[in-house]
Structures are given as structure tokens and as C-alpha cells.
Amino acid sequence: SAQKKAASTAAAAQTQSAELGIEEQRRQFDEITALLQPYVSAGESAIGGQLALAGLEGPEAQQAAITALEQGPQYEALVRQGEEALLQSAAATGGLRGGNVQGALAQFRPQMLSNLIESQYSRLGGLTNVGQASAARQAAAGSAAAGNISNLLQQQGAAGAGAALARGQATANLFGDITGTIGTIAGMSQGGVFGKGVF
């Protein structure tokens with residue numbers, strides 16, 4: 001009875017310990033997921049912007065992305081500063097009304113927009129990489145948590161199986177002891193031990 005009780009108590013303690021470990025693994029995974037979620041979300045948004053600029057989401061999405069850049073404050077500031085610099089340089093050299101200046105002004109805005117598109121695509125690529133790395137960290141954390149939880153579940157199973165085997169062994173020992181005692185008594189009886197006044 002003591003062996004059976006001890007086996008059950010040990011199994012219960014191991015099972016409870018494994019449960020606490022499983023809960024902690026899940027809690028830690030949830031914490032990691034919450035910490036990395038802003039980066040994953042930024043990466044998802046960034047890759048959407050890259051796809052639009054590259055025309056992979058259709059011509060309408062591409063045009064909308066380009067128009068947003070063209071009408072944005074960054075483009076306007078860059079164009080204003082660039083055109084003012086060209087005009088000031090031409091005025092200083094006396095070529096304000098020359099064909100070179102007009103040609104440079106005509107090419108400046110398209111070139112500036114092209115540069116801005118490339119720059120924006122590159123910046124979005126950086127955010128996409130951050131999101132991809134964060135998603136990979138989430139996946140690694142999930143894989144590690146799954147492995148640890150699997151090990152803890154195996155420990156629970158082993159604890160239950162060990163307790164069952166220990167209880168079975170205790171029962172078998174009990175019946176073995178009873179049978180052995182009966183055998184001893186029977187052997188003594190056949191040997192005439194009872195008749196000789198031993199008992």
C-alpha cells in the first residue's frame with residue numbers, strides 16, 4: 001500500500017511539474033509573439049508597398065503608389081530645392097534662358113521621381129527584411145516551444161506509466177509474498193514440522 005501510494009504521489013508531482021513547464025513554454029511563446037508582432041506587421045505592410053511599386057499587384061496599384069510618392073511632401077521638397085538650385089546656378093552664369101537650363105529642368109522632375117521610387121523601394125525592402133527576420137524568430141520560438149512541450153508531455157506519460165508499473169509491481173510483490181508464505185507453510189506441513197511440535 002505504501003509503495004502504491006508513493007508511486008502515485010511521485011507521478012502526480014512529475015505530472016504537475018510537466019504541466020507547469022508546458023504553461024510556461026506557452027506563456028513565453030505568447031510573449032515572444034507579442035514582442036515581434038509590430039515588426040512582422042511592418043514587414044507585411046512593406047512587402048505590400050514593394051509589390052505595388054514593382055507592379056506585381058496590378059497597374060492600378062502601381063500607379064497609386066507612384067502618385068502617392070509624386071504628391072508627397074518629400075518629392076515636393078526635393079523638386080523645389082533642386083529646381084531652385086538649377087535656376088540659381090543658371091542665373092549666376094547668365095544662362096537662365098538658355099536651352100541647357102530648360103532641358104535640365106524638363107529632365108529633373110522625372111529623374112527625381114525615379115530616384116525617389118528606387119529609394120522608397122529600398123527602404124521598404126529594409127522593413128520587409130525586418131519583418132521576415134521577426135517571422136523567422138517567431139517560427140523558431142514556436143518550434144522550440146513545441147519540442148519542449150512534446151518532451152514534457154512524454155515525461156508526463158512516462159511518469160504515469162512508471163506509477164502504473166510501480167503499483168503493479170507492488171501488487172505482484174504482495175501476491176508473491178502471500179504465495180511464498182503459503183508455500184512455506186505447505187512445505188513445513190509436508191515435512192512434518194507441524195507434527196513435531198514446531199508450531
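Worth a mention:
- Low-density loop cleavage sites - trypsin sites (Lys or Arg not before Pro) in segment 25-123, where at most 10 other Cβ are within 10 Å (DSSP): Arg97
- Relative intensity, log₁₀ I(q)/I(0), of segment 9-56 from a Debye sum that treats every alpha carbon as a point, q = 0.15, 0.31, 0.32 Å⁻¹: -0.59, -0.98, -1.00
- Carbon/sulfur fraction of accessible area - segment 98-140, other protein chains in place, 1.4 Å, %: 56 percent
The values are calculated or read from the model by the stated rules, or taken from the named source; none is laboratory data. Quantities reported herein were computed from a predicted structural model and do not represent experimental measurements. Virtual Cβ from ideal backbone geometry, glycine too; neighbours counted across all protein chains shown. Note: areas computed on protein heavy atoms with side chains; ligands, DNA, RNA excluded. Shrake-Rupley method; radii C 1.70, N 1.55, O 1.52, S 1.80 Å.
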